[in-house]
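To keep things clear, I will list the structure first and then write my remarks on it.
The values are calculated or read from the model by the stated rules, or taken from the named source; none is laboratory data. None of these values were measured; they are calculated from a predicted model. No Cβ is skipped: glycine too gets one built from the backbone with ideal geometry, and neighbour counts run over all protein chains shown. Accessible surface is based on the protein model in full, side chains and every heavy atom, while ligands, DNA and RNA are left aside. Shrake-Rupley method; radii C 1.70, N 1.55, O 1.52, S 1.80 Å.
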Amino acid sequence: MGRKLSSLEAVGLFDHPKEECGVVGVYTPGGEASRLAYFGLFALQHRGQESAGIASSNGASISVQAEMGLVTQVFRERDFHPLSGDIAIGHTRYSTTGSSLLCNAQPLLVEGYHGQIALAHNGNITNARQLKRQLLDQWNCHFTSTTDSEVIAYLLANAPGQTWEERTFHCMRSLEGAFSLVALTKDTLIAIRDPLAIRPLCLGKLDGGWVIASESCALDHLGATFLRELEPGEVVVVDSQGVRCATWPGVSGRRALCVFELIYFARPDSILDQKLVYSVRQQLGSQLAREHPVDADLVIGIPDSSTAAAVGYAQESGIPYSDGLVKNRYVGRTFIEPDQHLRDLGVRQKFNPLTEVIRGQRLVVVDDSIVRGTTTPHVVSLLRRAGASQVHMRVCAPPLQYPCYMGVDIPRRQELVAANNTIEEIRRLINADSLGYLSVVGLMKVVGGSQGGFCDACFTSNYPVPVQLELTKLALEDSPTTSS
């Protein structure tokens, strides 16, 4: 059974790429690692809202608590009593492989040749189906989920090698795709970043301990000192002997960080690719203004992810910036059936226009992306009904034309509006007075990706690793769970 749609998804009002996952790992001798992991997950809630979980070790055994829902819905005070110990990992999920079901909530706990291992994963393994078959045949593994993350966990739990560094290197030789991982055994915290560094992962120091997280904002919330981002193919192992770092010998020197992390996914206060995300988004807005100027009275952004880009557009263009839409941040958690009336009502659930600000104004409306083209027409209509005399849409990303197979739930090509329509056709579809997208050249000029340091496959189809073009997030749903 697939996941239900939230009310706003059901009425077609989520028109951005879906979040991926957030991971955090904590090693704090003498501390309460699971509580720190909780606050780290709270800072990473934007990366996934389907399920949340924490695994911890007390030195003798591993305990896991994982449920469907937001971090604050999953955990209560009583849940931390069994999650004792100095080591913990956490995960907040949006499904990119496997349905949104409890069995797929992470961290996942497996047992193999090296004992129990809990693992949390951000990314997508493109050869997971083949690897699962091998694990069933060679190790008779018993799968309880339909995610690629469990495949990685069993690989690690059964990998040959005398040290965890050797075992992780063995796994990395088999894995294809994107993976930023945190894992724990009864006495060790392990972090792994894939050889192309497609998904983010960083390291911080905290009061005699260590913290690893998808984004540096999680370190800030824990009072940890941000040290650096993990390098491509890097493995970090933390145990009673301290912290050890090693790099897989197979790295090519090439980087392919998902550029959408900078455009949309990451929190604006995070550091990615040694840059403050907020500043990058401002620069994207400035570049957009240079590429697509327009005679207008006011610049507004679609809150909250486009605010920085809208500010940059306003600064570059000299057109005043203002808030024009107020976002209700507490929608999308109920389940209702769609009809035409709810499509219009749904926009008002999510956004409310500041009528006195926008009435009679020629607006530049900055957004970070248009995926299916379902939300944007309703937003434009809302602004026109509030009195805007003109609505000029500006998008601080190039047209999305190809699916993502690297850990972002960007839909099939036939669902992407820019893959099936010209820009003029999209303009008419959304009923804007004009429409301008940032160019790929302009995007790379801002982020500094001229040396191939970013994955831009959703715009260009230049995937950093070979992919099966028919691959879907449910690819493991119908595969066996035990050996035949």
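Residues of the range 253-300 that are touching a Pro at 6+ places or on another chain (Cβ under 7 Å) and over 19 Å from L438 (Cβ atoms): R255, A256, L298.
Residues in the range 290-302 that are surrounded by 18 or more Cβ atoms within 10 Å (Cβ to Cβ) and either hydroxyl-bearing (S, T, Y) or out of contact with any Asp or Glu (no Cβ under 8 Å at 6 or more places or on another chain) (or both): H292, V294, A296, L298, V299. The set of residues from the range 178-218 being small (G, A, S) and out of contact with any Phe, Trp or Tyr (no Cβ under 7 Å at 6 or more places or on another chain) comprises A178, S180, A183, A191, A197, G208, A213, S214, A218. Run down G407, G387 and say which single residue is on the phi > 0 side of the Ramachandran plot, modelled with pLDDT under 90 and part of a loop (DSSP other than H, G, I, E, B). When all the criteria are applied, what remains is G407.
For every residue, the table says whether it meets (1) buried (at least 22 other Cβ atoms within 10 Å of the Cβ); (2) within 14 Å of H392 (Cβ to Cβ); (3) of a type in the set (K, R).
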{"residue": "L262", "(1), (2), (3)": "yes, no, no"}
{"residue": "F265", "(1), (2), (3)": "yes, no, no"}
{"residue": "R281", "(1), (2), (3)": "yes, no, yes"}
{"residue": "L288", "(1), (2), (3)": "yes, yes, no"}
{"residue": "D304", "(1), (2), (3)": "no, no, no"}
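If you go through the range 127-162 and keep only what is more than 15 Å from C103 (Cα to Cα), modelled with pLDDT under 95 and open to solvent by 20 Å² or more (accessible area, probe 1.4 Å), you end up with R129, Q130, R133, Q134, D137, Q138, W139, N140.
Check G242, G285, G253, G223 and return the single one that is free of Cβ contacts under 8 Å to residues at least 24 places away in the same chain and farther than 22 Å from Y27 by Cα. Even if it seems obvious, please write down each step before you answer.
Details: G242 fails: farther than 22 Å from Y27 by Cα; G285 fails: free of Cβ contacts under 8 Å to residues at least 24 places away in the same chain; G223 fails: farther than 22 Å from Y27 by Cα.
Being free of Cβ contacts under 8 Å to residues at least 24 places away in the same chain and farther than 22 Å from Y27 by Cα holds for just one of G242, G285, G253, G223, which is G253.
Where residues in the range 417-442 are under 27 Å from P200 (Cα atoms) and open to solvent by 30 Å² or more (accessible area, probe 1.4 Å), which of them is nearest to the chain's Cα centre (by Cα)? Here the residue is V440.
Restricting attention to the range 389-416, the residues that are farther than 19 Å from F454 by Cβ, hydrophobic (A, V, I, L, M, F, W, C) and open to solvent by 10 Å² or more (accessible area, probe 1.4 Å) total 0.
Give L257, L272, L276 a once-over and let me know the one that is within 15 Å of A309 (Cα to Cα) and aliphatic (A, V, I, L, M). So that I can check it myself, show each step before the final result.
Numbers: L257 fails: within 15 Å of A309 (Cα to Cα); L272 fails: within 15 Å of A309 (Cα to Cα).
Within the list L257, L272, L276, the selection yields L276.
Evaluation of V110 against the conditions (1) under 16 Å from V23 (Cβ atoms); (2) modelled with pLDDT of 95 or more shows that the sole unmet condition is (1).
Taking residues in the range 90-107 that are within 11 Å of M68 (Cβ to Cβ), and partners anywhere that are at pLDDT below 80 and buried (at least 22 other Cβ atoms within 10 Å of the Cβ), the pairs with Cβ atoms closer than 6 Å and at least 6 places apart or on different chains are N104/G98. When D194 is tested against (1) surrounded by fewer than 23 Cβ atoms within 10 Å (Cβ to Cβ); (2) charged (D, E, K, R); (3) touching a residue at least 40 places away in the same chain (Cβ under 8 Å), just one condition goes unmet, and that condition is (1).
Among the residues of the range 454-478, the ones that are at pLDDT below 90 and open to solvent by less than 40 Å² (accessible area, probe 1.4 Å) come to 5 in all. For L102, the requirement of being of a type outside the set (S, T, N, Q), in contact with a strand residue (DSSP E or B) (Cβ under 8 Å, 6 or more places away or on another chain) and open to solvent by less than 20 Å² (accessible area, probe 1.4 Å) is not met. Among the residues of the range 306-324, those that are hydrophobic (A, V, I, L, M, F, W, C), free of Cβ contacts under 8 Å to residues at least 60 places away in the same chain and buried (at least 22 other Cβ atoms within 10 Å of the Cβ) comprise A308, A310, A314.
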